[in-house]
């Protein structure tokens, strides 16, 4: 029998609670059971004048409103408030009745300006603490990676900074980038530019590219650490797009251990973190580094440096001809080892090893070179644990980046300046952690509780929705 729904009949009075209209399987209904913001009023209370002025928006209601937007993938305040006007679930989640007026979108902007990025980071840290208490974080294995977030600027706002000013402001960053050889964080100046390009509307953004074959774009760089046990994000930091992620590894591990109160046992990362300094620092902390070292390039002629073996016990370098290079100096960055001129003169490899004008071979090594040697040996062995953890690294931390960009609106910054993008990243990470926590506490959605639409039907539904939107605009 063909059914028919009367669309014109409307009910004036409802004899039920607003929460009864929200399905139990709704994400906001499940997150409400695990979200605790009772501490927030005491945290932000000193920022408001007691007994003066109009009452502010309830801090918990404001944060819940922002989080509801991130769960729905809405990052613009105006669009979020328009959606909240007609969305019963958002109103119930934030504590607003059907007849209560919602705050203006500018109120959320003023709240972000008043609170600052540090307090939104505490909201994220509280979600991490809740996941730790629920047993979702162990600290045994942490996956670390970085991704670029497109800045909210146009190409017309980019200008070439003067060379002298650029060198003065970026001297330290350029030195670190040269040391770590970060190909993913190179500037992309156009021919004829006077120097690296910056945006006039967002001077904190930097032109960077996520790969050699990609075009540079004004962007920010998000540094993410994910615990292996349940995919919980345990640290998030936002830096300008050209900052090398490898130089931030030690500080990130320190933040992870401080937030989780757990000692990290092993760290996985890609080759962007493969530096001698990182291997030595992790080894000194007793942390196993699952980081594939950079490949040693083949030299064109002569005796390559990779054939010189470092003897850490005697602090000497042994050459392939049987000679010994002793330590001569340390220039603040590298140790210099040099052979005796008499030994090189009698060496059978002299013609291939030395230039005609040179008298002795010298080798420069970074501090902690022995840690790099051990990492190369383990990577060459390629044991089963190494391959398994690197496979988990790809779908854990890289999967989190894809989830944040595709489902929660982090593919592009919603606002400008570093502190604003940091707030967006921390709230996105908090939303993802709350989803993990809700699944652990409330359990997964049982089969039959909701019906998954077939893929072809979803495609047709999306095309229909796009057509209706275009028809409304017309």
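The values are calculated or read from the model by the stated rules, or taken from the named source; none is laboratory data. Worth saying up front: this structure is predicted, and the values here are computed from it rather than measured. FYI the Cβ positions are ideal-geometry reconstructions off the backbone, even for glycines, and counts take in every protein chain you see.
It is to be established whether one or more residues within region 41-48 are exposed (fewer than 12 other Cβ atoms within 10 Å of the Cβ) and over 30 Å from the mean Cα position of the chain (by Cα).
yes
Would you call residue 324 surrounded by 12 or more Cβ atoms within 10 Å (Cβ to Cβ), within 25 Å of residue 377 (Cβ to Cβ) and touching a helix residue (DSSP H, G or I) at 6+ places or on another chain (Cβ under 9 Å)?
Answer is yes for this residue.
Within region 318-339, take every residue that is touching a strand residue (DSSP E or B) at 6+ places or on another chain (Cβ under 8 Å) and part of a loop (DSSP other than H, G, I, E, B) and give me the one that is farthest from residue 308 (Cα to Cα).
334
Taking the conditions exactly as written (more than 30 Å from residue 226 (Cα to Cα) and surrounded by 17 or more Cβ atoms within 10 Å (Cβ to Cβ)), does residue 343 satisfy them or not?
Spelling it out, residue 343 is indeed more than 30 Å from residue 226 (Cα to Cα) and surrounded by 17 or more Cβ atoms within 10 Å (Cβ to Cβ).
Just to be sure I understand, how many residues within region 346-373 are surrounded by 15 or more Cβ atoms within 10 Å (Cβ to Cβ), assigned to a loop (DSSP other than H, G, I, E, B) and touching a residue at least 12 places away in the same chain (Cβ under 8 Å)?
Summing the residues that are surrounded by 15 or more Cβ atoms within 10 Å (Cβ to Cβ), assigned to a loop (DSSP other than H, G, I, E, B) and touching a residue at least 12 places away in the same chain (Cβ under 8 Å) in region 346-373 gives 6.
Suppose we filter region 253-288 for residues that are in a helix (DSSP H, G or I) and closer than 26 Å to residue 365 by Cβ; how many remain? Walk me through how you get there before you give the answer.
So in region 253-288, the residues in a helix (DSSP H, G or I) come out as 253-260, 271-273, 276-284.
Next, only the ones that are closer than 26 Å to residue 365 by Cβ stay: 253, 271-273, 276-284.
Qualifying residue count for the region: 13.
For region 106-163, enumerate the residues that are over 21 Å from residue 243 (Cβ atoms), touching a strand residue (DSSP E or B) at 6+ places or on another chain (Cβ under 8 Å) and part of a loop (DSSP other than H, G, I, E, B).
136, 137, 138, 139, 140
Condition (residue is out of contact with any helix residue (DSSP H, G or I) (no Cβ under 8 Å at 6 or more places or on another chain), assigned by TED's automatic domain parsing to the domain that holds residue 141 and either in a loop (DSSP other than H, G, I, E, B) or farther than 24 Å from residue 391 by Cα (or both)) applied to region 232-246: is it met by at least one residue?
For region 232-246, residues out of contact with any helix residue (DSSP H, G or I) (no Cβ under 8 Å at 6 or more places or on another chain), assigned by TED's automatic domain parsing to the domain that holds residue 141 and either in a loop (DSSP other than H, G, I, E, B) or farther than 24 Å from residue 391 by Cα (or both): absent.
Here is a yes/no grid of residues against (1) within 21 Å of residue 436 (Cβ to Cβ); (2) more than 31 Å from the chain's Cα centre (by Cα):
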site	(1), (2)
59	no, no
67	yes, no
78	no, no
85	no, yes
95	no, yes
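Working carefully through the options 260, 224, find the one that is over 16 Å from the mean Cα position of the chain (by Cα), surrounded by 23 or more Cβ atoms within 10 Å (Cβ to Cβ) and modelled with pLDDT of 90 or more.
Every option except 260 fails the conditions.
Looking at (1) on the phi < 0 side of the Ramachandran plot; (2) out of contact with any strand residue (DSSP E or B) (no Cβ under 9 Å at 6 or more places or on another chain), find the lone condition where residue 368 falls short.
Here residue 368 clears every test but (1).
Of the numbered conditions (1) within 22 Å of residue 151 (Cβ to Cβ); (2) touching a residue at least 12 places away in the same chain (Cβ under 8 Å), residue 402 fails exactly one; give the number of that condition.
If we test residue 402 against (1) within 22 Å of residue 151 (Cβ to Cβ); (2) touching a residue at least 12 places away in the same chain (Cβ under 8 Å), just (2) comes out false.
One line per residue, one yes/no per condition, for (1) under 21 Å from residue 329 (Cβ atoms); (2) modelled with pLDDT of 80 or more; (3) not assigned by TED's automatic domain parsing to the domain that holds residue 334:
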| position | (1), (2), (3) |
| --- | --- |
| 346 | no, yes, no |
| 354 | yes, yes, no |
| 358 | yes, yes, no |
| 364 | yes, yes, no |
| 370 | yes, no, no |
| 384 | no, no, yes |
| 387 | no, yes, yes |
| 390 | no, yes, yes |
| 394 | no, yes, yes |
